[in-house]
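Here is the structure we will look at.
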Amino acid sequence: MHRVRGLAPLALLLALAACEKRKAAEDTVASAAASGPAAGAQILIGHVASLTGNEATFGDSTDKGIRLAVDEQNARGGIKGRQLAVKTYDDQGKQEEASLVTTRLVVDDKVSVLLGEVASKRSLAMAPIADQYQVPMVTPSSTNPKVTKDGDKVRPYVFRVCYLDPFQGAAMARFARDTLKLKRVAVLRDVGNDYSVGLADFFLSKFKELGGEIVDDQSYKAGDSDFKAQLTAIKRKKPEAIFVPGYYTEVALIARQTRELGLTVPLMGGDGWESSKLFEIARGALEGSYFSNHYSPDDSGPRIVEFVKKFQARYGGVPDSMAALGYDAARVAMEAMARARDLSGPAIRDAIAATKGFAGVTGVITLDAEHNAVKPLVVLKIEGNAGKYVATVQPD
Ligand code: PHE
């Protein structure tokens with residue numbers, strides 16, 4: 001670096017120093033990603049997860065699924081003769097924290113692959129970092145279309161093993177219109193959540209296209225606990241159902257307050273409802289409501305039966321869809337590493353992109369040119385504090 005002469009402003013000096021430092025860090029990381037882990041060293045998988053906060057079951061379940069898959073692979077001899085290890089950081093359900101810990105996993109821990117996040121909003125924070133440092137990222141369950149995109153372009157290093165919200169929203173609109181024969185539905189969305197806003201829009205446009213009427217479109221923000229004003233407005237419009245594409249904590253509180261106001265119509269929603277905590281918080285208020293999900297642990301398919309058995313033996317309790325998707329995401333990443341020409345970021349990336357016909361617990365996974373999986377979904381009805389399987393919807 002040139003010596004700076006004269007009275008350069010302090011800010012400029014600091015900025016230059018910061019640039020140099022970041023450049024040095026990027027060079028080191030870029031070469032780490034390019035060459036992969038040192039010979040004989042274990043392969044590190046980084047996991048970004050909400051282990052605490054209002055979405056704590058999301059991160060906890062995913063982590064259990066991932067660790068089950070990785071331990072099975074290690075027992076089979078690992079990958080390319082090396083053992084694997086998982087490093088998980090808690091992002092507390094916060095977007096800024098997700099970026100911070102993603103950078104830490106890439107720069108300090110030098111992970112070969114990133115898994116996470118569950119929530120689209122936090123995957124959107126991780127994605128540019130994966131691309132920048134050329135470390136492949138597989139999100140188990142972020143369904144918003146923007147996650148694998150940078151504007152119109154596909155993000156080279158970002159993949160997902162789940163379906164997308166245009167499909168999920170349209171499937172629930174069709175279910176409301178064609179199966180439940182509903183005509184008047186209200187929407188209550190979380191305006192601070194990319195997933196919720198997207199899913200509300202995809203549902204609404206399909207429902208209208210099918211001749212239904214959206215009688216109200218209200219909003220809230222994650223962390224809110226009083227939804228009475230919105231629900232009172234909705235009640236006046238006499239809907240036959242309320243579509244609430246949020247996450248389980250707020251959805252359960254909304255359900256309780258809906259019943260407190262004397263509104264008895266079913267609520268409907270998407271995969272964000274999936275949590276054992278949903279029923280605990282809702283205290284029966286969601287009986288008769290419907291939501292879409294990635295899989296049903298009641299399914300008699302042999303892969304599902306085997307997974308549920310293994311999960312129960314290790315952790316106790318039935319695996320929810322995040323556990324199944326975490327398991328699938330880790331297996332897709334590991335199967336790609338096994339096929340990859342070496343363990344560099346670009347080689348693993350190419351191998352993940354070539355994933356075809358992978359037999360996952362949540363369905364057969366083939367990644368398309370946009371780095372998305374095209375898979376069926378299941379519709380569940382809440383009965384006796386459990387989601388009971390109602391229907392499977394195949395992709396078009
Ligand atoms: N699909 C949700 C999102 O993108 C996350 C989610 C997936 C939540 C699966 C629960 C179950 O934000």
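The values are calculated or read from the model by the stated rules, or taken from the named source; none is laboratory data. This is a predicted model, so every value here is computed, not measured. Please note: Cβ atoms are built from the backbone with ideal geometry, for glycine as well, and neighbour counts cover all protein chains shown. Just the protein is used for accessible areas: all its heavy atoms, side chains included, with ligands, DNA and RNA removed. Shrake-Rupley method; radii C 1.70, N 1.55, O 1.52, S 1.80 Å.
In the set (1) surrounded by fewer than 18 Cβ atoms within 10 Å (Cβ to Cβ); (2) within 16 Å of the ligand (Cβ to nearest atom), Thr362 fails one condition alone, (1). For segment 193-226, the candidate set comprises residues that are part of a loop (DSSP other than H, G, I, E, B) and in contact (Cβ under 8 Å) with a residue 40 or more places away in the chain; within that set, the residue that is surrounded by the most Cβ atoms within 10 Å (Cβ to Cβ) is Asn193. Taking segment 77-183 as the region of interest, none of the strands (runs of 3 or more DSSP E) fully inside it holds 1 or more residues being at pLDDT below 95 and more than 18 Å from Val332 (Cβ to Cβ). With respect to Ala229, is the statement that it is open to solvent by 40 Å² or more (accessible area, probe 1.4 Å), away from the ligand (no atom under 16 Å from the Cβ) and either in contact (Cβ under 8 Å) with a residue 60 or more places away in the chain or in a helix (DSSP H, G or I) (or both) true? The answer is yes for Ala229.
Here Ile234 meets each of (1) surrounded by 22 or more Cβ atoms within 10 Å (Cβ to Cβ); (2) under 27 Å from Val118 (Cα atoms); (3) more than 16 Å from the ligand (Cβ to nearest atom) with one exception, condition (2). If you go through segment 239-267 and keep only what is within 15 Å of the ligand (Cβ to nearest atom), outside any loop (DSSP other than H, G, I, E, B) and aliphatic (A, V, I, L, M), you end up with Val251, Ala252. Only one of the listed residues (Val118, Val147, Val135) is within 14 Å of the ligand (Cβ to nearest atom) and open to solvent by less than 10 Å² (accessible area, probe 1.4 Å). That residue is Val147.
Residues in segment 306-323: is at least one open to solvent by less than 50 Å² (accessible area, probe 1.4 Å) and closer than 28 Å to Glu213 by Cα? Within segment 306-323 (the criterion being open to solvent by less than 50 Å² (accessible area, probe 1.4 Å) and closer than 28 Å to Glu213 by Cα), the answer is no, since none of the residues qualifies.
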